[in-house]
Amino acid sequence: MSTLNVRTDEAMETAIRSLAEKHGSRTDAVRYALLRTYKEDLIEQARADAERLADDPDDQAEILAIQRYMGTAE
């Protein structure tokens, strides 16, 4: 496991203290915040991809072909 040094200002210290009370330690608070932010970024990217693909006629045709193959197309 590696170590990361981060410079914090008063707003960051307030956030870390608050999260540490909930998650057990400053380290756990930072881990939680990083992983949650990463997860939110992944979800946002998936949402953007879904919106982009929803407007793609080739992708829609592929979805329909799969649904027909699986017997679920209406």
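Values quoted throughout were computed directly from the atomic coordinates according to the rules given, and no laboratory measurement underlies them. In this text the structure is predicted, and so the values were computed from the model without any measurement. No Cβ is skipped: glycine too gets one built from the backbone with ideal geometry, and neighbour counts run over all protein chains shown.
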Quiz item: Quick one: length gained pulling Arg31 to Ala11 fully straight, 0.36 nm per residue minus the C-alpha distance?
Solution: 5.5 nm
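What size of dipole, in debye to the nearest 20, comes out for the range 10-70 about its Cα centre when the only charges are +1 on Lys and Arg C-beta atoms and -1 on Asp and Glu C-beta atoms? Intermediate values should be presented prior to the final figure.
Working: 9 positive and 14 negative charges, 101 e Å.
Roughly 480 debye, rounded to the nearest 20.
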Practice problem: Take each of the peptides 22-30, 54-62, average the number of other beta-carbon atoms within 10 Å over its residues, and list them starting from the highest. | Solution: 22-30, 54-62
Quiz item: Which of the listed residues, Tyr38, Met12, Thr27, is farthest toward the dipole's positive end in the chain, when Lys, Arg count +1 and Asp, Glu count -1 at the beta-carbon?
Solution: Thr27
Quiz item: What list of ³J(HN,Hα) values in whole Hz, one per residue of the range 65-74 in order, does the Karplus curve 6.51 cos²θ - 1.76 cosθ + 1.60 (θ = phi - 60°) give from phi, with Gly and Pro shown as x?
Solution: 4, 5, 4, 5, 4, 7, x, 10, 6, 9
Quiz item: If you take the Cα Rg of the chain and divide it by 2.2 N^0.38 Å, with N the number of residues, what do you get?
Solution: 1.88
Quiz prompt | Inter-label distance for Glu62 and Thr3, nm, one decimal - labels placed 7 Å from Cα along Cα-to-Cβ | solution = 4.7
